[in-house]
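Structure first, commentary second.
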Amino acid sequence: METIACQPPLRPALPCVYGPVEYREQRALFERIDKILSSSGLEDEFVALALAERQIDVGQAGARRLERLLRFSVLALRSNIARHITGLDHREFCARLADSPLLQWFLQIGQVDGVKVFAKSTSHRFAGWVSEAGLRAINARLTELLAEDGEGAPFAQFGLGAPVDFEEMYFDSTCLKAPIHFPVDWVLLRDAVRTLMKATVLIRGAGLRKRMPQEPLEFLSDMNSLCMKMSAMRRVADGRKQRKKVLREMKRLARRVGRHARSHLELLNTRWQESELTEGRVRVIAGRIREVLDKFPAAIKQAHERIIGGRKVPNKEKILSLYDDAAQVIVRGKSGAEVEFGNKLWLGETREGIIADYKLHRDNPGDSKLVEPAIRRLVDEQELALKSAWGDRGLFSKSNERMLKARDIRSGLCPRDVHELTRRLQNEEGMREGLKRRAGTEARVSIITNVFMGRPARAKGFAHRELMVGWAVLSHNLWLVARLAEAERQRQTQHAAKAARQRAGPNNLAA
């Protein structure tokens, strides 16, 4: 990695605050993470990665441009970590950042002569500062640092008493819910009308107008009235017949709205130079209209098939959202989560809770098919000395058993056959304890999805959710390493106190 000379900012010392224990714990947490980022070289590697992805030649780039990229790369790394740890969205995080000396110190923006805080749009850009592959490389590098052993190994700088053991891995999958409403067929028509008419308002507001029988937002009001009417039809005697009647009215209105939106789109494409709209703004508005118009016929057909025709639509053909093509129907069959809408998230953690493997899937593969790719990522790509793999019944299959045996990895996948499970629990040493520990992975899944990514995940579109998973895993692992370091410090303090009491002897203790 090429050395990049950069003058770090002068950070004022944190103020002395006599606050509650929760503040002291959070302050110590950010101080330890700051030390990890600085001492491990992880921050420098992230900066080099950001420059490489932008194809910046350090030798040819100007000093001012290079200094700006370095400063913003460090800011992107630290802001994303702090935002995921605090669990705030972009707007709330920026508001709290402007008020928090602790976060300003951690992000290195608390200068002596003043504080300059970025806005939510900049925070959103920071979330995509590097690619998903780049984030995966940074996470793999942190795993490598935690696994190193020997004199001067990074784990000692992190405050850990020993390197993290990656010989055991506990796998599980979950649904990362997409931020969409429940996909009701006729509500999709309401969504389409709302998007098309709001975009039409923007076009007409710029001075580009086509003849319309009423104002665009009045069409939206008409559709909302039909939606309320559709909801009320559940409580009448001939509700099914009345729902069909209301849907036919909604279809007619939706097609009228589609024609008006299409005519305004054509006007925008041909005469946008006559307005005050910029080329980028025109591109955004036009893309918004085209995205909905392309799905409009399929959404109308889906509502017709299910409500009027009374026919089922295969999951592969369903439109769950007009704005998110990657959302899948995931049937989990669990209490409170019979069916979920989003993407399948795969996680693999160590006994200490470090997430060493993760993958967000665009499609919806079976859990048993995810084990072998995970083993390849851990053993072949990250070169970890994996000796045992644990998982629930959904991960068990004969092909997985053969694959793990061929790689000389102990299979801790819970058998689906109850008799086979009973036999292994009785005859295999450590099987019962391993499966009991694997049950704790459910809690790790809940922490990473609900705490570090929000409920639902605060990212729209598969690409953004994929990036969010990478940032959440990095933030979670740094958060956990800092907590492990604090636990190790407390253990050493207690051990030293106990040794001091023993050296003092019974006479001094009595005194």
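The values are calculated or read from the model by the stated rules, or taken from the named source; none is laboratory data. Predicted, not measured: the structure shown is a model, and the values here were computed from it. Ideal geometry is used to build each Cβ from the backbone, glycine not excepted, and the neighbour counts take in all protein chains shown. SASA here: full protein model, heavy atoms, side chains in, ligands and nucleic acids out. Shrake-Rupley method; radii C 1.70, N 1.55, O 1.52, S 1.80 Å.
Restricting the trypsin sites (Lys or Arg not before Pro) of segment 1-95 to loop positions (DSSP other than H, G, I, E, B) with no more than 13 neighbouring Cβ atoms within 10 Å leaves R54.
The relative contact order of the chain comes to 20 percent, based on Cα pairs under 8 Å that sit 6 or more residues apart. Ligands, DNA and RNA left out, the accessible area of the chain computed with a 1.4 Å probe is 50% carbon and sulfur. Each of S225, G207, L247 was placed along the dipole of segment 204-254 (beta-carbon charges, centred on the mean Cα), and the one lying farthest toward the positive end is L247. Taking one equal scatterer on every alpha-carbon of the chain, how large is log10 of I(q)/I(0) by Debye at q = 0.10, 0.12, 0.13 1/Å? Calculated log10 I(q)/I(0) at the listed q: -0.99, -1.22, -1.30. Over 24 Å apart at the Cα level, from the set K198/K251; K251/K334; K318/K460; K177/K301, are K251/K334; K177/K301. Taking amide hydrogens as placed 1.01 Å from N in the peptide plane, the amide H of R410 sits under 5 Å from those of S388, A389, each at least 5 positions away in sequence or on another chain. Take every DSSP beta bridge whose two residues both sit in the chain; close to 75 percent of them are antiparallel. Under 5 Å from the amide H of R332 lie the amide H atoms of V339, E340, each residue being 5 or more positions distant or on a separate chain, with H modelled from the backbone and absent for Pro and chain starts. Look at the alpha carbon pairs under 8 Å that are at least 6 residues apart: their mean separation over the length of segment 103-196 gives a relative contact order of 11 percent. In the calculated pair-distance distribution of segment 31-175, the portion above 18 angstrom amounts to 64 percent of the Cα-Cα pairs. Within the chain, the longest run free of GluC sites (Glu not before Pro) that sit in a DSSP loop with at most 15 other Cβ atoms within 10 Å is 3-147. Helix screen, the chain: DSSP H segments with Cα axial length of 24 Å or more and mean Kyte-Doolittle hydropathy at least -0.5 are 63-86, 185-205, 216-232, 279-303, 462-510. Counting only protein heavy atoms and a 1.4 Å probe, the chain has 53 square angstrom of accessible area per residue.
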